[in-house]
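Worksheet: one structure, shown below.
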Number of protein chains: 2
Amino acid sequence: MKVPLTPIRFLYRARDQFGSKRAIIEDEDSWTYSQFSDRCHRLASLLLSWGISTGARVAFLSYNSHALLEAYFGVLLAEAVLLPLNVRLTANDFRLILNDAEADVLFLDPDFLPSIEEIRGDLRTVHRFVQLDPGHQRDWIEPHAYDELIQQQSPAPDKDVRPIDEDSTAELFYTSGTSGQPKGVMLTHRNLYLHALEVALMLGIRDDDVQLHTIPLFHVNGWGTPQFLTCVGGCHVLMRKFEPQTTFRLIEKHRVTLFCAVPTMALSLLNHAGKRDYDLSSMRLVNLGGASSTPDLVRRLEETFSCQCVAGYGLTETSPIVTLAFPKAHLGERGEKLLQTKAMTGYPIPGIEVEILDHAEQPLPWDGTTAGELVVRGDTVMKGYWREKQDDLAPSDAWFRTGDLATINPHGYVRIVDRKKDVIISGGENISSLELEKTLLDHPAVLECAVIGVPNSRWGEVPKAFVVLRSQQATSQKELLAHCRQQLARFKVPRSIALVESLPKGGTGKVIKRKLREG
Amino acid sequence: MKVPLTPIRFLYRARDQFGSKRAIIEDEDSWTYSQFSDRCHRLASLLLSWGISTGARVAFLSYNSHALLEAYFGVLLAEAVLLPLNVRLTANDFRLILNDAEADVLFLDPDFLPSIEEIRGDLRTVHRFVQLDPGHQRDWIEPHAYDELIQQQSPAPDKDVRPIDEDSTAELFYTSGTSGQPKGVMLTHRNLYLHALEVALMLGIRDDDVQLHTIPLFHVNGWGTPQFLTCVGGCHVLMRKFEPQTTFRLIEKHRVTLFCAVPTMALSLLNHAGKRDYDLSSMRLVNLGGASSTPDLVRRLEETFSCQCVAGYGLTETSPIVTLAFPKAHLGERGEKLLQTKAMTGYPIPGIEVEILDHAEQPLPWDGTTAGELVVRGDTVMKGYWREKQDDLAPSDAWFRTGDLATINPHGYVRIVDRKKDVIISGGENISSLELEKTLLDHPAVLECAVIGVPNSRWGEVPKAFVVLRSQQATSQKELLAHCRQQLARFKVPRSIALVESLPKGGTGKVIKRKLREG
């Protein structure tokens, strides 16, 4: 018997086996798994009542909310593709992505009415706009808000999952990738199903886990939580936006057992005076990711939350988790050595193989010092980029290239040592240095420029630009920053701009960013 | 990217990530995961050097041993199908199965040289016999034993798993099934891969787990242990045959964390005087299966091993685990109620759905009292029976029928209440009452008969026969038992035979076994 691998089956299992249990808690509201499933089916009915076609893209522009969590299943039940948008992008980014994806429908938090209004005329395919909360009427938006609309629907009967093509796209996530141009990452039903099983196995997720959704769900498949926590019947606790005091309060109130964090978030928790005022004893795991961690950060988190803390690594293209830095019992590590291991990139989850390759695409030794490009093969690697042709199983495509430089030690632990693709990670957000460089070059006074990430205690790193001006052109750093602010999402704007005489270059004329980083 | 789901990938992961760790312990020998992988590859090389063809059946007749564990991966690496034989069957059973499966090669423990010698002339396809231990030479057997043969091979290079058809058969297990005629159950690479992930997730298997192989590996896919423990890099401790004192000794010596047991084995452990002489503090889980358990048995096991004990349920046809009786935290059960839950059949692992159907194949309510035939759908249900045509995804075949009558309670817990198919489970072995009835009917004095299982404190149940003699024919119970002993494996022989005047029958003339059971 072969039943298609689809996360829809996790929803059914949770409803059948944990129907009366609280599935989702958001502020003062909560929903059981029966209610959650019912609402997902109503969302599907709504989409189908609009005549949405199989494979159509349904976009959500939302902070963490029950509606967004419902979309992870409801959109799939309608045989459509979920397209979650990063709320931190600009109106211009939304325009590019919605047009590139040819989305049919956009559900949006009222906070984004102004930016969507701005670009609405340019959207070529979106023909319905639904606000997630009532009361902010516009003439171009559906007269009823999300909750009213789905209440009007009768829940669709259970979808027979057997006709689903497990290799069809279930989710489309845009990532800045290597080129600076946002690209749509196609994750299949099978990718999501296997990712959930494989990550849950390694994280040891159980039905008594209560996870706080600190990481935005629109980020790289919500680190897989929508699927894996539902699969085992765990409890989702939502927070609209990450905020340290609220995090402590919700951990105490709902006896939270685990959460994920990028180092920036973790630091803000550790530096918050309120941490001692709350009972955090329910915690069993903090999972760090999104940027490199330190043994000291791991130690401080373990002390504060009295639980295990491990780092991890992933990419939108890999559903996302590739490695988790759990210790291996047989190595018998203790003390500082153990903390170092937990702060590493980690070792692959089941279902994932890794190698490091040299420039001739040959595997390099796992000696902990030789660095090569980290490549990944396995169950959770995307189907491909939207609009890009590819034949996944062609020999040349045997590995997915992460674009990251890494070492692997003799025990199989990966350590990312550099980013080949020059993406700056600031507060867990990917910033393409190429995009910033293009923006700066748009300014008439700029001759050439280079953008690098520089360490920052709060954000991990922030972008810094080095600019060479055209001769006889005069401009100020302030004017260039204003130019950037006009063009870019706020978090992408360079923190500082240095005006320099020239940029360090290699033989081929390419800027050597390493020299800029070394100062 | 789509990489075929095959347990071979678990072997690679264990070798790459846990290469220097002890993978297998057997008596005074042990092998690391690197060595284990090397030996599996040598076994594959051996089979390939013999020109074994893709999909050929390679039979093993062995107690638990490193060789049998290697076969779970080595045979698959050669693209052949593993056929593990139950050592408790008769020479006649071996003949039937080896001919039905058209096995090419038979690896056998020297204990079975006499029975195989007896049937060798009748084996139509087996053309090579390899003994697993040296020194018992026969002219029809390979001159070198298993270990010598694989040492002579150079390990094959890693098999590229990408061309493997994940829906091809990896293992063939014979089960007495409903008809009494042994039938080959085809488990695919995909079945085994998903079963491993789904069972390991629910059992919470980790790399620091040390599992004692108390259950024969040839039994229903070794309850999935060969795959799921390898997947996470756990340690396999082998015992040739189950024996209580040895069990205690090995738990202490190797700091075992979990084992599986049928109730008969569990009882023999509990009744063993030596249990107090050993340090059993490493244990974290006992998994009971193979026959129904009681709250008292669960309680006594939890006390003796100071760890959690849960029951479970499975079938050869389902890879095998269908349900595990873990408590659900949100129900907050305590004391006797909790023990009752842990002794139940359990609730489905991820990837499995269950229903109970009435005679019209309609789903029955989950009220804990209404009984119907338990049916199963999911990732781990076999491809089909060998030699039987079937179209797995046809609507009529939407569910696999277990042949067991069950209730499901409102919380989703299954309880098997009767066996529709009349299989007697004795000491964890399936005995078809039909087979025994056929054997008895072969005796000239027997007019009609019926065989049922009766409770037995040691074996769970044992077969009991009710026989009506032909008029003017005289025979004794002793003579009928002697007849059975000649025809049947020892464990199948009825424990008692009652000579009766008539059998209770229903309207259609069918024997009502329920009445016999009620005495």
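Every number here is computed from the coordinates shown, using simple stated rules; none is lab data. Fair warning: this is a prediction, and the values are worked out from it, not measured in the lab. So basically every Cβ, Gly included, is an ideal-geometry build from the backbone, and we count neighbours across all protein chains shown.
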Debye log10 I(q)/I(0) at q = 0.12, 0.24 Å⁻¹ for region B:207-287, Cα point scatterers:
-0.31, -1.24
Nearby lysines by direct alpha-carbon distance to B:LYS515 (threshold 26 angstrom, same-chain neighbours under 8 apart not counted):
B:LYS420, B:LYS421, B:LYS438, B:LYS464, B:LYS478, B:LYS492, B:LYS505
Amide proton proximity set for B:LEU447, modelled H, under 5 Å, gap of 5+
B:VAL468, B:LEU469, B:ARG470
Which percentage, to the nearest 5, of the DSSP beta bridges contained in the protein assembly as shown is antiparallel?
60 percent
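If I take all pairs of Cα atoms in region B:1-96, what percentage of them are more than 18 Å from each other?
Numbers: 2394 of 4560 pairs.
Above the 18 Å cut-off, region B:1-96 has 52 percent of its Cα pairs.
Based on a Kirkwood Rh over C-alpha pairs, give the Stokes-Einstein translational diffusion coefficient of region A:100-205 at 10 °C and viscosity 1.306 mPa s in µm²/s.
D = 93 µm²/s.
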Among A:THR341, A:ALA56, A:LEU270, which residue has its Cα furthest toward the positive end of the charge dipole of the protein assembly as shown, with +1 on Lys/Arg Cβ and -1 on Asp/Glu Cβ?
A:LEU270
With a bin width of 5 angstrom, please list the P(r) values of region B:62-127 as percents of all Cα-Cα pairs, from the 0 bin to the one holding the largest distance.
3, 17, 28, 26, 18, 7, 0
at B:HIS127 the sorted inter-copy label distances (label 7 Å from Cα on Cβ side), in nanometres, are 6.6
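Write out the trypsin sites (Lys or Arg not before Pro) in region A:304-387 meeting two conditions: DSSP loop, and at most 12 other Cβ atoms within 10 Å of their Cβ. Before the final figure, lay out the partial values.
Values: sites: A:LYS328, A:ARG334, A:LYS337, A:LYS342, A:ARG377, A:LYS383, A:ARG387; in loops: A:LYS328, A:ARG334, A:LYS383, A:ARG387.
Of the trypsin sites (Lys or Arg not before Pro), the ones in loops of region A:304-387 whose Cβ has at most 12 other Cβ atoms within 10 Å are A:ARG334, A:ARG387.
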Where the label is 7 Å out from Cα toward Cβ, how close does A:HIS144 come to the same position in every other copy, in nm, shortest first?
7.7
Please state the relative contact order of chain A as a whole percent: Cα pairs under 8 Å, 6+ residues apart?
11 percent
For the protein assembly as shown, give the magnitude of the charge dipole about the Cα centre (Cβ charges: +1 Lys/Arg, -1 Asp/Glu; no others), in debye to the nearest 20.
1300 debye
Can you give the charge dipole size of chain A about its Cα centre, rounded to the nearest 20 debye, using +1 on the beta carbon of Lys and Arg and -1 on the beta carbon of Asp and Glu?
1100 debye
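With each run of n ≥ 4 DSSP H residues scored as -39500 (n - 2.57), what mean residue ellipticity at 222 nm is computed for chain B after dividing by its residue count and rounding to the nearest 500 deg cm²/dmol?
Working: 15 runs with 151 residues, N = 519.
Taking each H run of at least 4 residues, the total per residue is -8500 deg cm²/dmol.
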What is the average number of partner chain Cβ atoms found within 10 Å of a Cβ in A:351-362?
2
Quickly work out the A:LYS241-to-B:GLN181 label distance, labels modelled 7 Å from Cα along the C-beta direction, and quote it in nm with one decimal.
7.1 nm
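Test of understanding: ordering B:SER62, A:SER432 by Cβ neighbours within 10 Å, fewest first, what list do you get? Intermediate results must be reported in sequence, preceding the final value.
On the way: B:SER62 26, A:SER432 23.
Lowest to highest Cβ neighbour count: A:SER432, B:SER62.
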Could you work out, for region B:8-188, what percent of all Cα-Cα pairs fall into each 10 Å distance bin, beginning at 0 Å and stopping at the bin that holds the largest distance?
9, 38, 37, 15, 1
Descending Cα extents along the principal axes, chain A, whole Å:
67, 61, 55
Amide proton proximity set for B:ASP418, modelled H, under 5 Å, gap of 5+
B:LEU405
Taking the label point 7 Å from Cα along the Cα-Cβ vector, the copy-to-copy distances for B:ASP208, listed from shortest in nm with one decimal, are 1.7
All alpha-carbon distances of the protein assembly as shown, grouped into 10 Å bins from 0, give the whole-percent distribution 2, 10, 19, 23, 19, 13, 8, 4, 2, 1, 0, 0, 0
Report, by chain and number, residues whose modeled amide H sits under 5 Å from the one on B:VAL81, excluding near sequence neighbours (fewer than 5 apart, same chain).
B:GLY55, B:ALA56, B:ARG57, B:VAL58
Taking only the C-alpha atoms, wrap a convex hull around region B:256-310 and report its volume per residue in Å³ as a whole number.
66 Å³
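Can you pull out the trypsin sites (Lys or Arg not before Pro) in region A:135-217 whose DSSP state is coil and whose Cβ has at most 16 other Cβ atoms within 10 Å? Walk me through the numbers on the way to the answer.
Numbers: sites: A:ARG138, A:LYS159, A:LYS183, A:ARG190, A:ARG206; in loops: A:ARG138, A:LYS159, A:ARG206.
When the trypsin sites (Lys or Arg not before Pro) of region A:135-217 are filtered for loop state and at most 16 Cβ neighbours within 10 Å, A:ARG138 remain.
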Positive dipole terminus of region B:423-517, leading residue within B:LEU503, B:LEU516, B:LEU481 (C-beta point charges)
B:LEU516
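Dipole magnitude of region A:337-380 about its Cα centre, charges +1 at Lys/Arg Cβ and -1 at Asp/Glu Cβ only, in debye to the nearest 20? Could the numbers behind the result be given before it?
Working: 3 positive and 7 negative charges, 73 e Å.
Computed charge dipole of region A:337-380: roughly 340 debye.
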Regarding region A:330-369, what whole-number volume in Å³ per residue does the convex hull of its Cα atoms give?
106 Å³
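Would you mind computing the Rg to Rh ratio of region A:328-478 from its alpha-carbon coordinates, Kirkwood style for Rh?
Reported Rg/Rh (Cα atoms, Kirkwood Rh): 1.07.
How do A:GLU79, B:GLU353, B:GLU171, B:GLU148 line up, fewest other C-beta atoms within 10 Å first?
Numbers: A:GLU79 20, B:GLU353 17, B:GLU171 28, B:GLU148 12.
With the sparsest Cβ surroundings first, the list reads B:GLU148, B:GLU353, A:GLU79, B:GLU171.
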Is there a pair in A:LYS2/A:LYS159; B:LYS21/B:LYS253; A:LYS328/B:LYS328; A:LYS253/B:LYS337 whose C-alpha atoms are over 23 Å apart, and which pairs would that be?
A:LYS328/B:LYS328; A:LYS253/B:LYS337
Between region B:423-502 and region A:402-480, how far is it from one alpha carbon centroid to the other, in angstrom?
81 Å
Rg and Dmax in Å for region A:242-420, alpha carbons only: what are they?
18.1, 57
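Can you sort B:THR341, B:THR175 by how many other beta carbons sit within 10 Å, fewest first?
Final ranking by Cβ density, sparse to dense: B:THR175, B:THR341.
Work out, in µm²/s and without decimals, the Stokes-Einstein translational diffusion coefficient of region A:423-517 at 37 °C, 0.692 mPa s, Rh from Kirkwood over C-alpha pairs.
Details: Rh = 13.5 Å.
Estimated diffusion coefficient is 243 µm²/s.
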Looking at chain A, send over the antiparallel percent of its DSSP beta bridges, to the nearest 5.
60 percent
